[in-house]
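Please read the structure below before turning to the comments.
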Amino acid sequence: MNHLLWAARYVAVVLVVGIPLAIPIIIFRQDLDVLANVDDTTTVESVERRQYRQLVYYLFAWFETCWLGFWASDVIGLGLPYVFRFVARYVNPAHQRYWRVFRVLHRPITIIGLVVTAYISFTFLINGNELLVVNFKENEDTFGWDDAIEDVLEQCTLWGAFYLVEKLMIVYITVHYHYRSNLTRIEHSKEMQNTLMTLYDASVYLYPVGSGQFDDEDVIIRNATGAEHGEHRVRATSYLSRLGIDTYGMTHFFGNFMTAGAPTRSHWLRPASTYAVVERALANPKSAAALAKRIWMSLVVVGNESLRAEDIAEVLGPFRREEAHNLFMVLDENESGDIQLDEMIWTVVEAGRVRHAIFQNMHDMDHCINTFDWVALAMLAAVMVFFILVLYVPTIKTIQQTASLIIVGLSFAVGRTFNHFLTGCVFVFFDHPFDIGDRVEVFNMAATHSVSLIVKRQSLLYTVFRRIDNFSDIQIANERLAQKRIENVTRSGFNRQSVTMMIDFRTTFKDLMALRKELEDFLKHPDNKRDYQPGLGFSIVNVHELNRMELKCAFNHKGNWSVEPLRTARSMKFMCKLVSAIRRIQIGNPPPIGDERRPNYTVMMSNGEQERKMGWKGGDEDGENGVVDKAKAEGKPVDAVFDIAGAQHDGREQERTKAEFQEAERMARQAAREEAELAAEEQAIVGLTKVPPVPAKNKAKQEAVSSGVEVSHLIATSSTGLRQKSNSGAENMFHR
């Protein structure tokens, strides 16, 4: 029915103008038949009268032809996309998706059809018509008004062809750019939104809105701005509700009325539909966190601290297990096998941020493309007007040489700006190193130090970034960026971090193997599988002067470095573990000259003392022969001397035993102190590398406080699910 009404309006527009244009044609055609029967061509007045009537007749015929040609071209422009889609369905289905390109070319096809029809019809009906002698009084070489119109139409036809080519180029740039930049992100965003819609429906089925379990979250989710309404804030809907007018109900009623005959219920005019609720929730990090918490806690069984694919399958039912697995794979971006509450919140909030970045990127890029389109059209129009003026305005011909010199001079003046514009077009549309929201590392060509930036806004001439180190905005011309080396971190997937350190050359391979094993165990630990991939790169990359070794440790993050808090926390966690392992294994640094491991002695003495020390030879005074010789020399009994020596030896043994006992006690106290320090160090590492949680709302139930209270602190680590299993062992299932 709608198509019939549209066709009726279309035909009515054609007839409203076409019929008045056809009336003069019919009238003057009858007059021409009468004049043809009279055949009075003897006088100039009769010939002029007949030529005048013929001219009016053919002019209105030309107007009618142009009008019908315009609408015929419009019909071709409207129907060509659908014809292409129908043909491509059987010829090459892979090209079927390009049918929308022809919809964009509707206006150029209509314009080129109009100017071509006008030019050809004017040539045949007026300028080249042998029955119509427009300027029969003029000489054959006279440039008449019909010749001028024909030349203008010829120029317009050429301009229309260039206009069509320019639009084809714009369409190619648009499709090529959006396909490269936004296709993957848009598809992933749609998958994420469909997943959240399905899981939110299941969550509402298990715990309806207003049931009491998620009152705080429902208030935030149902608010479009993601903020809680205070008592001081009164919206227009509150006044209408006091009058007994339910705005949501009225809008929902019209939505049901408009889509009553549709096979599937649309989300149009349905502010309470799942699509609208999820769409509003993703628009703000606070409401996105509330949505993630509601879904997670309603699907996870009581006592469990992570969401698994089996939990989703239990809720959706046995006939939707494959769908449940696909939904879980969309949420489990790190491929950990289970999802904790903080990961769920990070994932949903990041999905909302990416969705906003896609919209912002499309807006900026459409602005850039429209700017380039208007500049190209202005150049085409200027060239066309210039040639028409040169051909038909005598004054322009006289100053043509002067105008050419002025144009050449202006080209040198604006050449830098024009080059800046062209470089920006190539950089934005074809090089395309980043999108809005991407994190990039910008280097000079020969430099190793980079600046970490986030793309904030992009134009044809410049790009606005936000620095990560100090959060200040920086604007760089695209011409300068084209000369930089840009590393796109967001597009790189999982990122790899390397740590290089210098260690003592005398470090044993046993200690190196112990360090490697401890780091590998750390990466493979179940608590760290969400942060790192299990592989570790561990190698000695260089040996410097045989007194120090260069050791390199490389590991992969799970996820991307585009989220700076996650990157910092994961990097800090690994570095703390590396420092702890080095301290435990006691791997030392390369000792400098003068260190106790590399002593350097300097002795100052005279020449006589040096000769005396070099010529002196010590004897064995402490041995048995020395004692006998010493006793004989002093004239003392040898036995008495040995008794005295034995007593002295026993005293030294007792002192040595006492000293060893004291040393053992000191070592035990030191070991206990080191163990206590190690335990305190482990607690400090946990506190240093952990995202700060919010306090628990109810310590007995270990439920986290609502995410609407403080999203930046996320949730308490001890949060568990709320879903209960029935006594019969069957779970509550949501059937869609």
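Do you know which residues across region 435-451 are among the small types (Gly, Ala, Ser) and in contact (Cβ under 8 Å) with a residue 40 or more places away in the chain?
The one that is among the small types (Gly, Ala, Ser) and in contact (Cβ under 8 Å) with a residue 40 or more places away in the chain: 437.
Check off (1) surrounded by fewer than 18 Cβ atoms within 10 Å (Cβ to Cβ); (2) at pLDDT 80 or above; (3) not in a helix (DSSP H, G or I) for residue 430 and give me the number that stays unchecked.
Condition not satisfied by residue 430: (3).
Output the number of the condition that residue 551 fails; it satisfies all remaining conditions of (1) surrounded by 16 or more Cβ atoms within 10 Å (Cβ to Cβ); (2) within 28 Å of the chain's Cα centre (by Cα).
Among (1) surrounded by 16 or more Cβ atoms within 10 Å (Cβ to Cβ); (2) within 28 Å of the chain's Cα centre (by Cα), residue 551 violates only (2).
Return the only residue of 507, 602 being of a type in the set (Ser, Thr, Tyr), over 43 Å from the mean Cα position of the chain (by Cα), farther than 30 Å from residue 465 by Cβ and loosely packed, with under 13 Cβ neighbours inside 10 Å.
Answer to the selection: 602.
Do we find a residue being small (Gly, Ala, Ser), modelled with pLDDT of 85 or more and surrounded by 15 or more Cβ atoms within 10 Å (Cβ to Cβ) anywhere in region 78-91?
Checked region 78-91: no residue is small (Gly, Ala, Ser), modelled with pLDDT of 85 or more and surrounded by 15 or more Cβ atoms within 10 Å (Cβ to Cβ).
Of all residues in region 511-539 being surrounded by 13 or more Cβ atoms within 10 Å (Cβ to Cβ) and of a type in the set (A, V, I, L, M, F, W, C), which is farthest from residue 337 (Cα to Cα)?
Restricting to residues being surrounded by 13 or more Cβ atoms within 10 Å (Cβ to Cβ) and of a type in the set (A, V, I, L, M, F, W, C), the top hit is 512.
Which of (1) in contact with a His (Cβ under 9 Å, 6 or more places away or on another chain); (2) surrounded by 14 or more Cβ atoms within 10 Å (Cβ to Cβ); (3) farther than 30 Å from residue 288 by Cα does residue 354 not meet, given it meets every other one?
The number of the failed condition is (3).
Within region 73-105, how many residues turn out to be touching a Gly at 6+ places or on another chain (Cβ under 7 Å) and small (Gly, Ala, Ser)?
So the answer is 1.
Is it true that some residue in region 527-548 is in a helix (DSSP H, G or I) and either within 30 Å of residue 671 (Cβ to Cβ) or modelled with pLDDT of 85 or more (or both)?
Checking region 527-548: at least one residue is in a helix (DSSP H, G or I) and either within 30 Å of residue 671 (Cβ to Cβ) or modelled with pLDDT of 85 or more (or both).
The values are calculated or read from the model by the stated rules, or taken from the named source; none is laboratory data. Remember, predicted model here, so these are calculated numbers, not experimental data. When we count neighbours, we look across all protein chains shown, and the Cβ atoms used for this are built from the backbone with ideal geometry, even at glycine.
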